[in-house]
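Please read the structure below before turning to the comments.
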Amino acid sequence: MSKLIDTIASAIEDKKGKNIIALDLSKFDGAVCPAFVICNADSTTQVEAIARGIEEKVLETIGEKVWRIEGLGTSVWVVMDYGDVLVHIFQTELRDFFKLEQLWADAPATRYASEEA
């Protein structure tokens, strides 16, 4: 799973995604999956580009297909389901509003070097 997360984070960095964080939810009962990767972007165009970049890089690098993608119609919050990993790509204002990582504040977090908002 760490190779998948690292590949996702790398794809986000390739498209200049911001504030990349991976949350380890594996120790939490009731978590929908073992890990979240969260990032944000400044426009709907960039949100979509990040999602497409993740999809391509993960398939090329480790041969794994995304199970489902939601939110591309508006591209303000896109969720990508890789089974063990859910990727959340927010437009910056929505990430600030929902504060998803604060809901899982006790989860071990890995921050990736990226441009900060």
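Quick note: the coordinates plus some simple rules give every number you see, no bench work behind them. Every value quoted in this text rests on a predicted model; they were computed, and no experiment measured them. Methodologically, a virtual Cβ is constructed for each residue, glycine included, from the backbone with ideal geometry; neighbour enumeration extends over all protein chains shown.
Annotations
- A35 sits among other residues whose Cβ lies under 10 Å from its own Cβ, and their net charge, with Lys and Arg +1 and Asp and Glu -1, is -2.
- Residues of segment 73-114 with amide N under 17 Å of the 7 Å Cα→Cβ point at K16: 90-93, 114
- At R0 = 35 Å, FRET efficiency that the Cβ-Cβ distance of I62 and D96 yields, to 0.05: 0.65
- Stretching A113 away from E70 to a fully extended chain increases their span by 12.9 nm, per 0.36 nm per residue minus the current alpha-carbon distance.
- Sorted largest first, extent of the chain alpha carbons per principal axis (Å): 35, 34, 27
- Secondary-structure-derived ellipticity at 222 nm for the chain, considering helices only, amounts to -11000 deg cm²/dmol, per-run term -39500 (n - 2.57) for DSSP H runs with n ≥ 4.
- Entry note, the chain: relative contact order of 34 percent, from Cα contacts under 8 Å with a spacing of 6+ residues.
- For segment 1-60, the relative contact order is 40 percent, taking Cα pairs closer than 8 Å that sit 6 or more residues apart in sequence and dividing their mean separation by the residue count.
- Gyration tensor (alpha-carbon) shape descriptor, segment 68-114, a/c threshold 1.5: oblate
- Inter-label distance, nm, simple model (7 Å from Cα along the C-beta direction), A105/V79: 2.2 nm
- Close Lys pairs in segment 2-111, defined as Cα atoms under 25 Å apart and 8 or more places apart or on different chains, number 17.
- Check: segment 22-117 dipole with +1 on Lys, Arg Cβ and -1 on Asp, Glu Cβ, in debye: 100 debye
- Of I21, I69, I50, the one that fluctuates the most in a GNM where the chain has Cα springs shorter than 10 Å: I69
- Seen from V58, the other residues with C-beta closer than 15 Å to its C-beta sum to a net charge of -3, counting Lys and Arg as +1 and Asp and Glu as -1.
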